[in-house]
1. What are the pairs with Cβ atoms under 9 angstrom where one residue, in region 24-41, is in the same structural domain as residue 134 (by TED's automatic domain parsing) and of a type in the set (D, E, K, R) and the other, located anywhere, is in a strand (DSSP E or B) and surrounded by 24 or more Cβ atoms within 10 Å (Cβ to Cβ)? Sequence gap at least six, or different chains.
2. Restricting region 183-218 to residues that are near ligand 1 (Cβ under 10 Å from one of its atoms) and part of a loop (DSSP other than H, G, I, E, B), which is nearest to residue 322 (Cα to Cα)?
3. Given the structure, is residue 311 within 14 Å of residue 254 (Cβ to Cβ) and under 22 Å from the mean Cα position of the chain (by Cα)?
4. Give just the number: which of (1) under 16 Å from residue 156 (Cα atoms); (2) more than 11 Å from ligand 1 (Cβ to nearest atom); (3) touching an Asp or Glu at 6+ places or on another chain (Cβ under 6 Å) does residue 24 not satisfy?
5. When you check residue 327 against the structure, is it of a type in the set (Lys, Arg) and at pLDDT 95 or above, yes or no?
6. Give the number of residues within region 230-279 that are aliphatic (A, V, I, L, M), within 16 Å of ligand 1 (Cβ to nearest atom) and outside any loop (DSSP other than H, G, I, E, B).
Amino acid sequence: MRAADCTPCNLAEASEALESGLLVAFPTETVYGLGADAENPAAVARIYEAKGRPSDHPVIVHLAPGADLSYWAKDIPEAAHLLVKAFWPGPLTLILKRADHIPDAVSGGQDTVGLRCPSHPVAQELLKSFKAGRGGIAAPSANKFGRVSPTKAEHVIEEFEQELGPGGLIASVLDGGQSDVGIESTIIDLSRLATHGPVLLRPGHISVDQLSAVLGVVPATPDAAAPRASGTLESHYAPRTPVILVNPDELDQVVAVLENKGKTIALMSCQSHPELQAKAWTQLPTDPAGYAFGLYAGLRELDQVAADLILVEQLPSDPAWQGVNDRLRRAAFDSRHVLGEWLS
Ligand code: TXA
Ligand code: MG
């Protein structure tokens, strides 16, 4: 199966497929989503089946521009309207108390719902056509559970080869080019505003500073005891090859030791390192937005060269890098002991 170009005809077909309970992968400005009709529990169950995702993980509901929030959520605080006005359409997800008719399948059994209005023109066209703009498309990132999110239609096709085509779970993959932002939306929880204030569940392109400026307070970070979002699990966004974060000052030394041990490396960095023998190298821009844009495609490419390790040069720790650093830390989580074991 090839990805479908976004002609009006393909969009109409995709929208009909969603209305009949099938899955459609579509581009958003953050990453590609794997969508289903949010009000059809059987369709939402197909997302979990295709992704291999535990069913207690809630999915974000994507809404058309101008959608009626009060159809999807209740007890909506003024802060939600302020954030919608400032950042929608765009890469911000709001967690609100869910309206009573929202299926458990969408909210993972919680009393909340995640809502987002994407700015990507293809996502918007699909949302406007689906149920004449009054529906919601439940969509997690279009990758297998725990893996790297897709930023291109090819990534979705690689990942879901088995589920595509006649009789498969996914009816179509819409191609809208490479996602501009490159990392998943910022998630802010406003569902317990009175007791907890606004809580940042996942950092992203829309920064804490931008949120604080609109909210008038700095959002809290969630207590580690209550991981409510799968994107906040310690291990996530991970390629198959172990990912190791390395301090730039120690890179040469680490690579020399690994070479001595006969290990092959793939390298991701902003600086060029002509002195290093890497099987593959991805150089990314030195600004956070440019880095985020290339991050997941870079990790996927490096994963394919079958090196023993992907070494990623550590980035600055200032707030502008928060979203990227969060994704890298989770991608590297499972392999955090590997280097120590090999170097010992
Ligand atoms: O940019 C994005 O957010 C992309 C695109 C496709 O919109 N979607 C995405 O979905 O990253 P997913 O499922 O991979 O990550 C969404 C996160 C998950 O960690 C999920 O647990 C959390 O949002 N989430 C969704 N609804 C929630 C809720 N009611 N309460 C807490 N977390 C929620
Ligand atoms: Mg995801």
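The values are calculated or read from the model by the stated rules, or taken from the named source; none is laboratory data. None of these values were measured; they are calculated from a predicted model. Methodologically, a virtual Cβ is constructed for each residue, glycine included, from the backbone with ideal geometry; neighbour enumeration extends over all protein chains shown.
1. Close Cβ pairs satisfying both conditions: 37/136; 37/137; 37/138; 39/136; 39/138.
2. My answer is 204.
3. Answer is yes for this residue.
4. Going through the list (1) under 16 Å from residue 156 (Cα atoms); (2) more than 11 Å from ligand 1 (Cβ to nearest atom); (3) touching an Asp or Glu at 6+ places or on another chain (Cβ under 6 Å), residue 24 breaks only (3).
5. Working: of a type in the set (Lys, Arg): yes; at pLDDT 95 or above: yes.
For residue 327, the condition - of a type in the set (Lys, Arg) and at pLDDT 95 or above - is met.
6. Residues in region 230-279 being aliphatic (A, V, I, L, M), within 16 Å of ligand 1 (Cβ to nearest atom) and outside any loop (DSSP other than H, G, I, E, B): 0 in total.
Here's the yes/no breakdown for (1) modelled with pLDDT under 95; (2) within 17 Å of residue 211 (Cβ to Cβ):
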{"residue": "42", "(1), (2)": "no, no"}
{"residue": "53", "(1), (2)": "yes, no"}
{"residue": "77", "(1), (2)": "no, yes"}
{"residue": "82", "(1), (2)": "no, yes"}
{"residue": "85", "(1), (2)": "no, yes"}
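For every residue, the table says whether it meets (1) in the same structural domain as residue 10 (by TED's automatic domain parsing); (2) surrounded by 13 or more Cβ atoms within 10 Å (Cβ to Cβ).
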site	(1), (2)
192	yes, yes
216	yes, no
249	no, no
253	no, no
